[in-house]
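Let me begin by presenting the structure, written as structure tokens, before commenting on it.
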């Protein structure tokens, strides 16, 4: 018996195509599941050549009873791989 295939990133949709069609090269990323979906999108978008900023206080992740804090783990990874990790206030200020 095989487990179901799970894809958390944009590999199975046309996100990258739609961004490229609109000449978008910079992405602001946030979301509900930092340690899975947000990180998977971050990694794939970086691999595809996009510049990616993660909004750290606009993401969340679960607490696992044995493994610990998914949010803290995700923030550590974001710091290593994202182009920037900023708060919502700093992102909004930079956009004005």
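The values are calculated or read from the model by the stated rules, or taken from the named source; none is laboratory data. In this text the structure is predicted, and so the values were computed from the model without any measurement. No Cβ is skipped: glycine too gets one built from the backbone with ideal geometry, and neighbour counts run over all protein chains shown.
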Just for the range 63-96: of the residues that are over 28 Å from residue 14 (Cα atoms), touching a strand residue (DSSP E or B) at 6+ places or on another chain (Cβ under 9 Å) and part of a strand (DSSP E or B), which one is modelled with the highest pLDDT?
-> 69
Output for the range 64-74, where each listed residue is surrounded by fewer than 18 Cβ atoms within 10 Å (Cβ to Cβ) and either over 18 Å from the mean Cα position of the chain (by Cα) or touching a residue at least 40 places away in the same chain (Cβ under 8 Å) (or both) | 64, 65, 66, 67, 68
Taking residue 54 and the conditions (1) in contact (Cβ under 8 Å) with a residue 12 or more places away in the chain; (2) surrounded by fewer than 15 Cβ atoms within 10 Å (Cβ to Cβ), which numbered condition does it fall short on, given that it satisfies the others?
-> (2)
Does the range 3-18 hold any residues that are exposed (fewer than 12 other Cβ atoms within 10 Å of the Cβ) and in a loop (DSSP other than H, G, I, E, B), and which are they?
-> 3, 4, 5, 6, 7, 13, 14
From the list 59, 88, which residue is within 15 Å of the chain's Cα centre (by Cα) and surrounded by fewer than 18 Cβ atoms within 10 Å (Cβ to Cβ)?
-> 88
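To keep it simple, each residue is scored yes or no on (1) within 19 Å of residue 8 (Cα to Cα); (2) part of a loop (DSSP other than H, G, I, E, B); (3) out of contact with any strand residue (DSSP E or B) (no Cβ under 7 Å at 6 or more places or on another chain); (4) modelled with pLDDT under 95.
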{"site": "20", "(1), (2), (3), (4)": "no, no, yes, no"}
{"site": "29", "(1), (2), (3), (4)": "yes, no, no, no"}
{"site": "37", "(1), (2), (3), (4)": "yes, no, no, yes"}
{"site": "42", "(1), (2), (3), (4)": "yes, no, no, no"}
{"site": "49", "(1), (2), (3), (4)": "yes, yes, yes, no"}
{"site": "56", "(1), (2), (3), (4)": "yes, no, no, no"}
{"site": "61", "(1), (2), (3), (4)": "yes, yes, yes, yes"}
